[in-house]
Amino acid sequence: MNLINRVWQSSLGKKYIMALTGCALFFFLIGHLLGNLQVFGQPELINTYAHFLKSKPGLLWGARLGLLACVGLHILAAVQLTAMNKEARPQGYAGGSAYGASKASQYMIVSGLVILAFVVYHLAHFTALLPGVNGTGDFRKLTTVLHGQTVPDVYAMMILGFQVWWVVAFYLIAQWMLFNHLGHGLASMFQSLGLRNHVWWPRVQGFAKLASIGIFIGYAIIPVAIFLRIVGADYAEKAKHQFSQSSPPAATLIAEVNGKEAK
Amino acid sequence: MKVTLKVWRQKNANTPGGFKTYSSPDLNENMSFLEMLDVVNEELANKGEEPIAFDHDCREGICGTCSLVIDGKPHGPHQGVATCQTYMRSFKNGDEIVIEPFRAKAFPLIKDLVVDRAAFDRIQHAGGFISVRTGAAPDANSIPVPKENADLAMDAAQCIGCGACVAACKNASAMLFVAAKVSHLGLMPQGQPERYKRVKAMVDQMDAEGFGGCTVTGSCEAVCPKEISLDFIARMNRDYGVALLKGEPKAMEGGGVG
Ligand code: HEM
Ligand code: SF4
Ligand code: FES
């Protein structure tokens, strides 16, 4: 308890927390991206993956609670540090300020809050499946059959979800903000933890640049490819019918599409 | 050459301040920025007006007394020099130059462009020293110091405690100053006995003074007249982490010997 208290009471300690939780969230981003990129495979690929996650509630909830704790601590520290930083400069300058500081480093709280708004939307969109937020239909009606079991058709949700232009626009804006957040944050993380010297700093900055670009491209190509109808356009046409049906004829759908998509 | 000055004037901390505009008399471009202010002040004094208060002492870039935020950058347009070593040839005839005091809650304003930087002294008192017996100078090289550590310690020791790092930082953070002071001693063998106690005490004092935190924007490094590197901040973060993990030293009971 004493150690936790000492860490939280100091400005440096809070930055260690920011850095460690930011690092954990970065690893989550990589895992989540690899999962999502399966949308470029057959529909069964990502549906099997989604079903696998759902079938391990211990694992799923463990990960979710861990993530929630990281996000909570990261935001709490961010808000407290930002308030402290504002308070330390009650009066600003007329002649310009923050000489030599990158935009990304000055607006971490802004990019962070946009990411937060996005996360809330994203959870409503694809986790809670709230029908009002996706601009197309009730995702809960989208099901398919895997190994004789009726399961949610995550592939169809993604394909139909990213055919809505404003959804794609919001995802891209959020990913752009994430790119800026990580471009600065991933390097800053090493600095906060003291993992830097004159030899390693250029390498750390190179890593931050490459990783943030990689994350941006990886996440952005999904909605873009779907919106441009490069991925799953046929499947979407079939899946759409389920929106207007009360009980979906999943078995027929999967049989029909399988014939078409399996090249 | 002639310039127009937009200067922050404020009688004292309790009176609200504001900008006032002055036209300089004819200047020699080889005057230092402070000499330019001297000339402007002379004219003000002759007219019976209150001269502009500003801090200065050595005027050769070693004492850390001069300050001023000139057109939004502490210590003026150049890299690696203090205000006292900024010359009028860096400006053009007819320029308007905005001059403001260092702004930070921890540096309360005293008058016009003069702020109170005693918070830095209190941070130094908290741990910026080594406890040794004074006496005859020890033999040179009696304690071996690796060359690279000696060089780094000298880099850190360059800090003149001017506070420009605080003035430039969007968070008014004193990390660069404290890191320089912590590292300068922490890199030397003589600084080892108090290394972790020192970093803990100095950082805690820094927090208590009301400086902001570090967001790694790099403004401090960019304006520092001694070009102190952000590497030292990472070094301090490392040492402070170790100090936190070590915890407080074991409490002593009773007296020691002697
Ligand atoms: C996917 C989610 C996120 C990731 C991967 C992430 C990652 C990071 C990383 C690595 C840092 C650098 C830490 C350091 O300087 O030591 C950071 C800093 C920061 N993050 Fe995040 N972050 C995320 C979400 C958020 C959110 C939702 C907020 C909203 C409030 C936020 C606000 C901040 C702020 C304000 C800083 C700078 C703190 C400072 O330097 O004073 N972040 N983030
Ligand atoms: S680190 Fe540089 S800017 Fe900060 S007090 Fe020392 S000399 Fe001045
Ligand atoms: S007056 Fe001494 S450093 Fe400028």
- Query: Given springs between every Cα pair under 10 Å in a Gaussian network model of chain B, which of B:140, B:82, B:119 has the largest fluctuation?
  - Reply: B:140
- Output row B,A: buried area (accessible, probe 1.4 Å, summed both chains) in Å², nearest hundred, equals 3400
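Restricting to the protein assembly as shown, what percent of DSSP beta bridges are antiparallel, rounded to 5?
Working: 17 of 22 bridges.
Taking every DSSP beta bridge within the protein assembly as shown, about 75 percent pair in antiparallel fashion.
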- Message: Which positions within region A:1-22 get 10 Å² or more of their accessible surface covered by the other protein chains, compared to the chain by itself, with a 1.4 angstrom probe?
- Response: A:3, A:6, A:7, A:10, A:11, A:12, A:15, A:16
- State the volume of the convex hull built on the alpha-carbon positions of region A:1-117, expressed per residue in Å³ and rounded to an integer. 139
- Message: What does the structure give for B:166-175 when I average, per residue, the other chain Cβ atoms found within 10 Å of the residue Cβ?
- Response: 6
- Note on the structure: HN-Hα couplings for region B:87-93 via Karplus (6.51, -1.76, 1.60; θ = phi - 60°), in whole Hz with x for Gly/Pro, come out as 10, 5, 5, 7, 10, 9, 3
- What's the percent breakdown of Cα-Cα distances in the protein assembly as shown across 10 Å bins, shortest bin first? 3, 16, 21, 18, 15, 12, 8, 5, 2, 0
- Query: Using a Gaussian network for chain B with springs between C-alpha atoms less than 10 Å apart, which of these wobbles most: B:60, B:49, B:194?
  - Reply: B:49
- Calculate, for region B:152-243, the solvent-accessible area per residue in square angstrom, rolling a 1.4 angstrom probe over the heavy atoms of the protein chains. 27
- Query: Counting only residues 5 or more places away or on other chains, whose amide H sits under 5 Å from the amide H of residue B:110 once H atoms are built in the peptide plane?
  - Reply: B:115, B:116
- Item | D_trans [Stokes-Einstein, Kirkwood Rh over alpha-carbon pairs] for region B:117-246, 25 °C, 0.890 mPa s, µm² s⁻¹ | 164
- Amide H of residue A:144: which non-local residues (sequence gap of 5 or more, or other chain) have their own amide H closer than 5 Å, using H built in the peptide plane? A:151, A:153
- Query: Rolling a 1.4 angstrom probe over the protein heavy atoms, how many square angstrom per residue are accessible across region B:4-111?
  - Reply: 46
- Query: How crowded by other chains is B:59-72, given as the mean number of beta carbons from other chains within 10 Å of each beta carbon?
  - Reply: 1
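Ignoring ligands, DNA and RNA, what percent of the accessible area of chain A is carbon or sulfur (1.4 Å)? Write down the numbers at each step before the final one.
Numbers: 9480 of 13470 Å².
Ligands and nucleic acids excluded, carbon and sulfur give 70 percent.
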- Item | Computed FRET value (nearest 0.05) for residue B:14 with residue A:80, which takes r as the C-beta separation and R₀ as 25 Å | 0.25
- Message: Tell me the relative contact order for chain B as a rounded percent, counting alpha carbon contacts under 8 Å between residues six or more apart.
- Response: 19
- Item | Solvent-accessible area lost in complex, 30 Å² minimum, residues of region A:193-225 relative to chain alone, 1.4 Å | A:194, A:196
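If N is the number of residues in region B:4-111, what value comes out of its Cα radius of gyration divided by 2.2 N^0.38 Å?
Numbers: Rg = 13.5 Å, N = 108, 2.2 N^0.38 = 13.0 Å.
Rg over 2.2 N^0.38 Å, computed on Cα atoms: 1.03.
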- How many nm separate the modelled label positions at residue B:46 and residue B:151, each set 7 Å beyond the Cα in the direction of the Cβ? 5.3
- Under the Karplus curve 6.51 cos²θ - 1.76 cosθ + 1.60, θ = phi - 60°, whole-Hz ³J(HN,Hα) for region A:54-70, x wherever Gly or Pro sits: 5, 7, 10, x, x, 4, 4, 6, x, 5, 4, 5, x, 5, 4, 4, 4
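With a cap of 14 neighbouring Cβ atoms within 10 Å, and only residues DSSP puts in a loop, list the trypsin sites (Lys or Arg not before Pro) found in region B:176-258. All intermediate terms of the calculation are to be shown ahead of the outcome.
Numbers: sites: B:181, B:195, B:197, B:198, B:200, B:226, B:235, B:238, B:246, B:250; in loops: B:226, B:250.
The qualifying sites are B:250.
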- Counting only DSSP beta bridges with both partners in region B:4-111, the antiparallel fraction in percent, to the nearest 5, comes to 75
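Could you list, in their original order, any pairs among B:2/B:92; A:86/B:200; B:20/B:111 whose Cα atoms are separated by more than 18 Å?
A:86/B:200
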- Loop-only check: which trypsin sites (Lys or Arg not before Pro) in region A:183-232 are DSSP coil with at most 12 other Cβ within 10 angstrom? A:229
- Kindly flag which residue pairs out of A:15/B:11; B:197/B:226; A:15/A:54; A:56/A:240 have an alpha-carbon separation exceeding 31 Å in this structure. A:15/B:11; A:15/A:54
- Note on the structure: Once amide hydrogens are built 1.01 Å from N within the peptide plane, the residues lying 5 or more places from residue B:98 or on another chain with amide H under 5 Å from its amide H are B:6, B:71
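When the helix-only estimate is applied to the protein assembly as shown (DSSP H runs of n ≥ 4, each -39,500 (n - 2.57), divided by the residue count), what is the mean residue ellipticity at 222 nm, nearest 500 deg cm²/dmol? Spell out each step's value before the answer.
On the way: 19 runs with 271 residues, N = 521.
Only helices count here, giving -17000 deg cm²/dmol.
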- Rg over Rh [alpha-carbon atoms, Kirkwood Rh] for chain A: 1.04
- How much accessible surface area, in Å² rounded to 10, belongs to the heavy atoms of residue B:125 with a 1.4 Å probe? 140
- Whenever you get a sec, compute what percent of the accessible area on chain B sits on carbon and sulfur atoms (1.4 Å probe). 50
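How charged is the neighbourhood of residue A:146? Take every other residue with its Cβ under 10 Å from the Cβ of residue A:146, and add Lys/Arg as +1 and Asp/Glu as -1.
Details: positive: none; negative: A:44, A:153.
Once positives and negatives cancel, what remains is -2.
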- Would you mind working out the accessible area per residue for region A:116-175, using a 1.4 Å probe, and quoting it in Å²? 43
- Taking Cα atoms only, helix A:11-36 is inclined relative to the longest principal axis of chain A by an angle, in degrees rounded to 10, of 20
- Among A:239, A:88, A:128, the residue with the largest mean-square fluctuation in a Gaussian network model of chain A built from Cα contacts under 10 Å is A:88
- Under Karplus coefficients 6.51, -1.76 and 1.60, residue-wise ³J(HN,Hα) of region B:161-173 in Hz, glycine/proline x: x, 6, x, 4, 4, 5, 4, 7, 4, 5, 9, 6, 8
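The values are calculated or read from the model by the stated rules, or taken from the named source; none is laboratory data. Keep in mind it's a predicted model, so treat the numbers as computed, not measured. Virtual Cβ from ideal backbone geometry, glycine too; neighbours counted across all protein chains shown. The protein model used for the area step is the full one, side chains on, heavy atoms only, and it has no ligands, DNA or RNA in it. Shrake-Rupley method; radii C 1.70, N 1.55, O 1.52, S 1.80 Å.
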